[in-house]
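The values are calculated or read from the model by the stated rules, or taken from the named source; none is laboratory data. The structure displayed is predicted, hence computed values, not measured ones. Note: ideal-geometry Cβ built from the backbone for every residue, glycine included; neighbour counts use all protein chains shown. The area values use the complete protein model at the heavy-atom level, side chains included, leaving out ligands, DNA and RNA. Shrake-Rupley method; radii C 1.70, N 1.55, O 1.52, S 1.80 Å.
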Amino acid sequence: MIGIGIDTGGTYTDAVAYDMETKQVLSYGKALTTKERLETGIGAALDTLNPEHVRRAGLVALSTTLATNACVEDKGSRARLLMIGVEPETVSYLEGVYRAYGFRELSQLVFLDGKPEGIYKHPEDPDWEGFSGKIREKFGDCRAAGVVQVYPGANGGRFERKAAGLLKKELGIPVTMACEMFDETDVLKRGAGTLLNARLIPLIADFLRAVKNVMGQRGIHAPVAIVRSDGSLMSEEAAGECPVETLLSGPAASVVGGSVLAGEPDAVIVDMGGTTTDVAIVRDGRPVTARDGISIGPWKTMVKGLYVDTFVLGGDSAVRFRDGKLYLASRRVIPVSVLASRYPGIVGKLKKLADRGKGHTRMLHEFYVLQKDISDNPDYTSQERALCEALKDGPLLPEELAKILKSDLYHLPGERLEEEGILMRSGLTPTDTMVLKGDFTVYEPEAAQEALRYAALNVTVPAEEIPDRIYDMVGEKLYENIARILMSQKYPRQEKLLGEEGVRRFLAWSYRDAKNGFSDPLMSSAITTKLPIIGVGAPIHVFLPRVAALLGTRAVIKETAPVANALGAIAGQIAAKVRISVKAEYSGAQFQGFLVLEGEKRRLFEKYEEAEAFAAAKAKRLAAEKARRQGAGDSLKLQVSIEKIRDDSVGSGIFFESIIEAVATGAFS
C-alpha cells in the first residue's frame, strides 16, 4: 500500500509518497506553508508528488508543528477554564504557581463551588441553575472551553460532565473535560493542560478541514491519521477532541523519520524548522521518552511523549538589534526575501528606508502582514480593526501604519493581534542570510540585502560582516542547546546544582573552548559526544556540520532530510495507553480492601491478586478500545506493566497503590 505523509510546519509543508511494504520513499517535495489559507500550501506540497502515487494512496498521515508553535509563541483561540471546587483566593495567592503552568491571567479562569462525595464530610453539588444563568456572560466570547474539578476520581468526574453538557447546550462550542484526559492529582496541572487543549481545538479543526478539502479536490478518499506526541498515530476524530496530544507532533515525526532515514541505533536527532529547533535522542534503536509531562514555552502539560527538547531557533527567527548589537529574537517573522516573492513592491520601500542613512530604536524595517480578516469581529477594538483594514491591500512598514492610523510608532495596536495570529511581522532572518550567501537559492536576495543595509545603520558590525555574524549566532545557539541537552541526560540535576545562570555561563565557556579548537593545554570545558547527530529540516545542512565538529562528532544528513517529518508521519503506528490504579482503602486505621475505580463505581476486593487481575483485564480492554478509536485494526499487540508503590520509611514498607498500565499497538486500518 502507498501512504502519503504530510508535515505542516511553521514555514514549509512537506509531502512524501511511501511504499509501506518495501519501506521505500517513492517521491517527495515541499512548499511554503500558507497560514492564512492552509489548503494552498498543503495542495502545493501534494502536487510535487508523482500524481500516480497520490491517486493510489491508501492512507494519509499528518504531522504538524501548529500546536507546538502556538505554545512557544503563546497563541491560540480564545478560551476559558471552569474550575469546580477551587477557591479563587487560593489561586490568587498561588499566582506564581499558576503562571508557572502557563496561565497568563486570572481572567482566563471561572470558579464554581462544589464538594464531591466520598471526599468531603458534607458533599455539595454546584449551583447548576446559577451557573447556567452566567454561561453567556462568562464564556460568550470563547470559541472553546475547559472544565476541571477537584478530586474527579471520587465521583467519576460527575461535576465536569454536568458542566460540559450545560456549556455545549448553551453555546454549542467544544468543551474539554480534564477527567477524560489526565490522571494527575494536581488540579492546577490538570487545569493548565485542559485549558491548553481547549485553546487548540479550533486551530486543529481548521487544519483538518484544510487537509480534507485538498484531499477531496484531488480525489483522495483515504483515511487520515495524525502523529501524537509519542510518535504514534491517532485518527482525525481523536485529534479533533484531544489536539493537545498533537503537541510535538512534528518533532515526534522527525524522530521517527530521522531514525528510518539514518539507520543509526544511537544518535542525537536535530530538527531545525522555521520557528523552532527540536532535539531528541535515540538509544538502542528506541527514542528516549520524557520523564514528566511535555513542557513547551510557558505551558507545563501532563501530556506524555517522546523526550523532545524544543527551543526557539529556526530559519525564520527574527534578527534584531539593541544597543548597537545584533541578536536572535524569540519571535518568528516572515523572511523579507519570502515576502518579496509575493509582494515585489516591498523591495523599493526597504531601499528607501536604508537610503535615509538613519537608524532607530524600533524595527522600522519589519513589515506588518495580515493573516486573518477580523473586520466584522466585535471582539476587537476599533483601532485593531482599523489596523487590519489598512493591511488588506498588502504589507506596510510601521511608519506607514502609524500615518494611516494617525498614531505614533510606540502605540500601534498590534501586540494582541500578533499574539492571536491575526497578523505577523516580516523582517531579517537567518533564511535571508542563507539567500544572501547563496546557500538557499529559492528566493531573490534583493529584499534581504536592503533589510541588512538598514540593520547595519543600527549596529557596530559592518554590513559586509553581518551575514557571517548571523551564522555565528545560529551556530552558537545550536551548540549551546545541544550541549545543554546532553548535560541534562547525563546529569539530570545539573541545573539545580549550578542554577540557570551557572549553566548558561558554563555553556558559553564550552562553546568558546570548542571554537578555539580545544587549544588551552591546561584543560577544556568543551562538551563532546560520540553519538552521531542526524540532521532534519531544510536549513540544517548549513549549520549542523560545523556544530557537530565542535561537539567532536559527525553530522548525518540524508538527501531526504528536509522531508523527514513527513516520512516519520507515514512510518508510524497506532499506540494507545491506559493506566488504572489499585489502592489500599482504609476507614481510619481499619483496612477495608483493595479499591479499583470503574467510572463512578467503586469496586472493593478482599485480595490484592483479585484486584490486580480485574484492573489488568480492564486496562487491556480499554487500551484496545482506545486503539481502535484511534484508527487501529483488529490485529493488536497488548502489553501490561505493573508498578507497586510503597512507603519504605518504615521497615519493609506499607503498600499504597499499584499502577497497572496497558499499551495496545497496531497498524492504522
query = Is at least one residue of the stretch 493-507 outside any loop (DSSP other than H, G, I, E, B), among the aliphatic types (A, V, I, L, M) and buried (at least 20 other Cβ atoms within 10 Å of the Cβ)?
reply = yes
Note on the stretch 270-322: residues in a loop (DSSP other than H, G, I, E, B), under 21 Å from THR429 (Cβ atoms) and not charged (D, E, K, R) are GLY273, GLY274, THR275, THR276, GLY297, VAL312, LEU313, GLY314, GLY315
Might you check whether a residue that is surrounded by 20 or more Cβ atoms within 10 Å (Cβ to Cβ), in contact with a Phe, Trp or Tyr (Cβ under 7 Å, 6 or more places away or on another chain), in a helix (DSSP H, G or I) and touching a residue at least 60 places away in the same chain (Cβ under 8 Å) occurs anywhere in the stretch 461-474? yes
For the stretch 529-543, the count of residues that are open to solvent by less than 80 Å² (accessible area, probe 1.4 Å) and modelled with pLDDT of 90 or more equals 8
The correct count of residues that are in contact with a helix residue (DSSP H, G or I) (Cβ under 7 Å, 6 or more places away or on another chain) and either crowded, with 19+ Cβ neighbours inside 10 Å or part of a strand (DSSP E or B) (or both) in the stretch 218-229 is 6
Please work out if GLY552 is buried (at least 24 other Cβ atoms within 10 Å of the Cβ) and either more than 30 Å from ASP432 (Cβ to Cβ) or among the small types (Gly, Ala, Ser) (or both).
-> no
Picking from SER254, SER232, the residue that is touching an Asp or Glu at 6+ places or on another chain (Cβ under 6 Å), among the hydroxyl-bearing types (Ser, Thr, Tyr) and either open to solvent by 20 Å² or more (accessible area, probe 1.4 Å) or over 30 Å from TYR151 (Cβ atoms) (or both) would be SER254
The condition of being touching a residue at least 12 places away in the same chain (Cβ under 8 Å), under 22 Å from SER426 (Cβ atoms) and among the hydrophobic types (A, V, I, L, M, F, W, C) holds, among LEU59, LEU38, LEU81, LEU26, only for LEU38
Conditions (1) within 24 Å of LYS601 (Cα to Cα); (2) buried (at least 24 other Cβ atoms within 10 Å of the Cβ); (3) of a type in the set (Val, Ile, Thr) -> VAL187 fails only (2)
Picking from GLU264, GLU237, the residue that is among the acidic types (Asp, Glu), in a loop (DSSP other than H, G, I, E, B) and open to solvent by 10 Å² or more (accessible area, probe 1.4 Å) would be GLU264
Across (1) without any contact (Cβ under 8 Å) to a residue 40 or more places away in the chain; (2) touching a strand residue (DSSP E or B) at 6+ places or on another chain (Cβ under 9 Å); (3) of a type in the set (Gly, Ala, Ser); (4) over 21 Å from GLY9 (Cβ atoms), ALA329 clears everything bar (4)
When PHE321 is run through (1) within 18 Å of the chain's Cα centre (by Cα); (2) of a type in the set (Phe, Trp, Tyr); (3) open to solvent by 10 Å² or more (accessible area, probe 1.4 Å), the failure sits at (1)
With criteria (1) crowded, with 23+ Cβ neighbours inside 10 Å; (2) among the hydrophobic types (A, V, I, L, M, F, W, C); (3) without any contact (Cβ under 8 Å) to a residue 60 or more places away in the chain, LEU396 comes up short on (1)
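Yes/no matrix, rows are residues, columns are (1) under 18 Å from ALA67 (Cβ atoms); (2) touching a helix residue (DSSP H, G or I) at 6+ places or on another chain (Cβ under 9 Å); (3) open to solvent by 10 Å² or more (accessible area, probe 1.4 Å):
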{"site": "GLY285", "(1), (2), (3)": "no, yes, yes"}
{"site": "ASP292", "(1), (2), (3)": "no, no, yes"}
{"site": "THR301", "(1), (2), (3)": "yes, yes, no"}
{"site": "TYR327", "(1), (2), (3)": "no, yes, yes"}
Among (1) under 23 Å from THR64 (Cβ atoms); (2) among the small types (Gly, Ala, Ser); (3) in a helix (DSSP H, G or I), ALA514 falls short only on (1)
Residue set LEU167, LEU208; condition open to solvent by 10 Å² or more (accessible area, probe 1.4 Å), part of a helix (DSSP H, G or I) and of a type outside the set (Asp, Glu); output residue LEU208
Filtering the stretch 143-158 down to residues that are in a loop (DSSP other than H, G, I, E, B) and open to solvent by 10 Å² or more (accessible area, probe 1.4 Å) yields ARG143, VAL150, TYR151, GLY156
Cβ pairs under 7 Å, 6+ apart or interchain, first in the stretch 198-211 and in contact (Cβ under 8 Å) with a residue 24 or more places away in the chain, second among the charged types (D, E, K, R), ordered by first then second residue, are PRO202/ARG143; LEU208/GLU236; ALA210/GLU39
Of the listed residues (GLU450, GLU418), the one being acidic (Asp, Glu), surrounded by 15 or more Cβ atoms within 10 Å (Cβ to Cβ) and over 26 Å from the mean Cα position of the chain (by Cα) is GLU450
The condition of being basic (Lys, Arg), open to solvent by 20 Å² or more (accessible area, probe 1.4 Å) and either at positive phi or part of a loop (DSSP other than H, G, I, E, B) (or both) holds, among LYS358, LYS349, only for LYS358
Within the stretch 72-106, residues modelled with pLDDT under 70, under 16 Å from GLY193 (Cα atoms) and open to solvent by 50 Å² or more (accessible area, probe 1.4 Å) come out as VAL97, ARG99
